[in-house]
Each structure stands twice: as structure tokens, then as C-alpha cells.
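In what follows, a single structure is set out as C-alpha cells and then discussed.
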Ligand SMILES: [Zn+2]
């Protein structure tokens, strides 16, 4: 199973589809409602599950830092 540390898993609510993104930033597939989406925290974009899994294989090492819960002063 692929680790998805780099991505925040969300569901495609009507709000996200209307206000944020209708299409996968990588393959331009149109999201359907309630489909799982993956927010790419490195690039500030939404990906479909297939692209997120593919990207996660390349990004995983970079993203471990982001996932650390012990850094409260990120912002
Ligand atoms: Zn995609």
C-alpha cells in the first residue's frame, strides 16, 4: 500500500468542486461528487487518487517533514 504523506485526503464536496477545483491538476480528469481527492501540500493543488498515489511514490521522502506533528510553529 502506498503512503500518502504528502497529501491531505478530502472528499469532493460541491463546495470544493465549485470554488476550488473541478479537475485533477495532473491528468485533468473531472472530479465527481464525493470522490476522494488529495490535496497536494507541496504544490497547492488537487489531485485524483490515481495521480496522488503516483506522485506519492516520488515525493514521499520530501514529505515526511511536513507530516511531523511535533512542529507547532509552522506558521
Ligand atoms: Zn489525476
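Values in this text are rule-based calculations from the coordinates and carry no lab data. Bear in mind that the values here come from a model prediction, so they are computed numbers and not experimental data. Cβ coordinates were reconstructed from backbone atoms using ideal geometry, including for glycine residues, and neighbour counts include every protein chain displayed.
Annotations for the structure displayed:
- Contour excess over end-to-end distance, with Cα ends at residue 42 and residue 30 and 0.36 nm allotted per residue: 2.2 nm
- Burial ordering of 39, 46, 28, fewest other beta-carbon atoms within 10 Å first: 28, 39, 46
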